[in-house]
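Please treat every number below as a calculation from the coordinates, not as lab data. Source: prediction; values computed, not measured. Virtual Cβ from ideal backbone geometry, glycine too; neighbours counted across all protein chains shown.
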Amino acid sequence: MSKNSSEIIIRNMREAAIAVSDNAYSPYSGAKVGCSIITTSGDMFVGCNVENCSYGATVCAERNAIFSAVATRGEMRLSIIYVYSEHGWTPCGMCLQVISEFALEDTQVIVGNRQGKEIVYSVKDLFPKSFTPVDLSKIKKNK
Ligand code: THU
């Protein structure tokens, strides 16, 4: 892919993540997080954090974006993930577990903050020893 077209993709992802962060339902933390993902088909999906008065029922922006891709289009192979928040938070552990289920060898996670600073990670950087479906397939069936 040319430098120009990847810059356009990142710009679209940034704008979508910032826009969807505005829809965050976060009366408890006050944090507005937005996530856009591009799947291998080239389609983009978005999600924001949705909190709950039973705090543990809160769902992060990243998982909402991924679950939307699966639910609405059956898409789950992640090419790029862009996460926007005021302070440039990296995905939490639970989101990394969900990301790793659907990540490819070279899936990138771009983290952006309100100042426009962006850091690019690989999923492997963020979660090098993830638990994967391959681990589960190693269980010996005792029958
Ligand atoms: N949050 C996300 O949306 N993504 C993350 O990876 C970190 C945390 C949200 C969840 C909650 O609504 C708020 O940020 C504070 O934890």
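Compactness check for the range 18-58: Cα Rg over 2.2 N^0.38 Å is 1.34.
Applying the Karplus relation 6.51 cos²θ - 1.76 cosθ + 1.60 with θ = phi - 60° to the range 24-30 yields 3J(HN,Hα) values of 3, 9, 9, x, 8, 9, x Hz, where x marks Gly and Pro.
Per the Debye calculation on the range 79-121 with a single equal scatterer at every Cα and no solvent contribution, log₁₀ I(q)/I(0) for q = 0.19, 0.34 Å⁻¹ amounts to -0.55, -1.19.
At a threshold of 8 angstrom on Cα-Cα distance, excluding pairs fewer than six apart, so keeping six or more, what relative contact order does the chain reach in percent? Numbers along the way, then the final one.
On the way: 273 pairs, mean separation 25.3, N = 143.
Answer for the chain is 18 percent.
Of all the options Phe45, Phe131, Phe67, the one that moves most in a Gaussian network model of the chain with Cα springs shorter than 10 angstrom is Phe131.
Using just its DSSP H runs of length 4 or more, each adding -39500 (n - 2.57), the chain gives a mean residue ellipticity at 222 nm of -10500 deg cm²/dmol after division by all residues. Of Ala19, Ala71, Ala31, which has the largest mean-square fluctuation in a 10 Å C-alpha GNM of the chain? For the chain, modelled as a Gaussian network with Cα springs under 10 Å, the answer is Ala71. Ranked from largest, the principal axis spans of the Cα set of the chain equal 56, 46, 28 Å. For the range 1-103, trypsin sites (Lys or Arg not before Pro) are listed when DSSP marks them as loop and at most 13 other Cβ atoms sit within 10 Å of their Cβ; the list is Arg77.
Close amide H partners of Asn49, meaning residues 5 or more places away or on another chain with modelled amide H under 5 Å apart, are Tyr25, Val33, Ala61. About its Cα centre, the dipole of the chain is roughly 500 debye, where the only charges are +1 on Lys and Arg Cβ and -1 on Asp and Glu Cβ.
With r defined as the distance between the Cβ atoms of Ile139 and Ile119 and R0 fixed at 41 Å, what FRET efficiency is calculated, to the nearest 0.05? The partial results should precede the final answer.
Working: r = 37 Å, r/R0 = 0.89.
E(calc), rounded to 0.05, equals 0.65.
At what distance in angstrom do the alpha carbon centres of the range 3-17 and the range 62-121 lie from each other? Computed from Cα coordinates, the inter-centre distance equals 14 Å. For the range 3-141, lysine pairs with C-alpha atoms less than 29 angstrom apart, excluding pairs fewer than eight positions apart on the same chain, total 11.
Rounded to whole Å and sorted largest first, what semi-axes of the equivalent ellipsoid does the C-alpha gyration tensor of the range 20-93 yield via the square root of 5 times each eigenvalue? Intermediate values should be presented prior to the final figure.
Numbers: eigenvalues 95, 34, 18 Å².
After diagonalising the Cα gyration tensor, the semi-axes are 22, 13, 10 Å.
When the chain is treated as a GNM, springs tying every alpha-carbon pair under 10 Å, which of Ile37, Ile119, Ile110 comes out with the largest mean-square fluctuation? Maximum among the listed residues: Ile119.
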